[in-house]
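Below is one structure, written out as structure tokens; comments come after it.
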Amino acid sequence: MAEEKTQGGVQSLEVGLKVLDALITHGTPMMLKQLAETLAMHPAKVHRYVVSLVRMDYAKQLVDGRYALGDQAWRLGLSCIQRTDTIQAAQPMIHELHQKIDCGLQISKWTSQGPLIVQWIEPNQAVSVITRVGSIMPMLNSATGRAYAAFMTEKAVQPLLEQEWQQKKNQAQAVYPANWSEFLEMKQGILQSGMATVSGDLLIGVNAICVPIFNIHDEVEFCIAALGAESQLPIDVENEKVKALKATAKALTEHISDGQKRLKDN
């Protein structure tokens, strides 16, 4: 298909990016008809652009025919997230924490799909992990997911929690919290302690403790989760490693908030 040139740009590229934007904005996989209606375009035209996006791995077609974001789209988003000023500014404190507690550290950011792991720092002692950079963490049985669920707005997290509960029900798998009432009870404990925890939920014998870092608006900027063997990282607020994790989160919140305040005042 010949390129449709406009002044200072290429129209066909702009249309293709609009298709990609629609997939990003919607947040969940879409049927071709739904995508065409969203874009107010003929399905045949949308299909041509989707085929190109799939070919370049910015989109993918699922077995049920719906279209979703492809791996290249996720890599692009992840690359942008990794370069955000707040995470870059946090690196010295994050690495100092890693040296102090000698546990694996997962740094995550919130996305419409859930918590996204953007950085993983290995401990000196081997700890097997089933997640990697680019992974979306479960909301219910990961420390990272529970931290976001507790400290973000219920409007943002409830749809993802409901989705996971339905998946567990379909798979006949038990999970805690098992419903909204149990979640609210767990949430109060997380808010009071300032951290979310799991013990062997995703990895037998491995504890995870996650703490949030806030921005100037008291919103979660990102989260840090420490992972270690039960003997290495006990879930105990009086443990020195847990205290160091929470102290780092507090220091990062103050550092980021101060920086954002200075930018606002200038």
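Some observations on this one:
- Applying 1/(1 + (r/R0)^6) with r as the Cβ-Cβ distance of residue 154 and residue 25 and R0 = 22 angstrom yields a FRET efficiency of 0.50.
- Per residue, the average separation of C-alpha pairs within less than 8 Å and at least 6 apart gives the range 141-198 a relative contact order of 57 percent.
- Compared with the alpha-carbon gap, the fully stretched path from residue 17 to residue 113 is longer by 32.5 nm at 0.36 nm per residue.
- Convex hull of the range 144-183 built on C-alpha atoms - directionally averaged projected area, nm²: 2.7
- Ordering 98, 217, 26 from the fewest to the most neighbouring beta carbons within 10 Å gives 217, 26, 98.
- Three-way shape call for the range 114-266 based on the alpha-carbon gyration tensor, with the a/c threshold at 1.5: oblate
- Dmax and Rg, reported as Rg then Dmax, of the chain (C-alpha, Å): 20.9, 67
- Straight-distance crosslink candidates among lysines, where the alpha carbon sits under 16 Å from residue 246 and sequence neighbours closer than 8 are dropped: 100
- Modelled label positions at residue 42 and residue 178, each set 7 Å beyond Cα in the direction of Cβ, lie 5.4 nm from each other.
- Ranked 146, 48, criterion: other C-beta atoms within 10 Å, fewest first: 48, 146
- Between residue 215 and residue 34, the modelled labels are 2.9 nm apart [label points 7 Å from Cα along Cα→Cβ].
- Relative contact order %, the range 83-216, counting alpha carbon pairs below 8 Å whose residues are six or more apart: 19
- For the range 147-266: relative contact order, % (alpha-carbon pairs under 8 angstrom, 6 or more apart): 21
- 222 nm mean residue ellipticity, helices alone, for the chain (DSSP H n ≥ 4; -39,500 (n - 2.57); rounded to 500): -16000 deg cm²/dmol
- Stokes-Einstein D (µm²/s) once Rh is taken as the Kirkwood radius of the range 5-69 over alpha-carbon pairs, at 4 °C in 1.567 mPa s: 109
- Axial C-alpha extent at least 30 Å, average Kyte-Doolittle at least -1.0 - helices from the chain (DSSP): 240-265
Throughout, read-outs are computed from the coordinates displayed, never taken from laboratory work. Note that this is a predicted model, so its numbers are computed, not measured. Cβ: placed from backbone, ideal geometry, glycine included. Neighbour counts: every protein chain shown.
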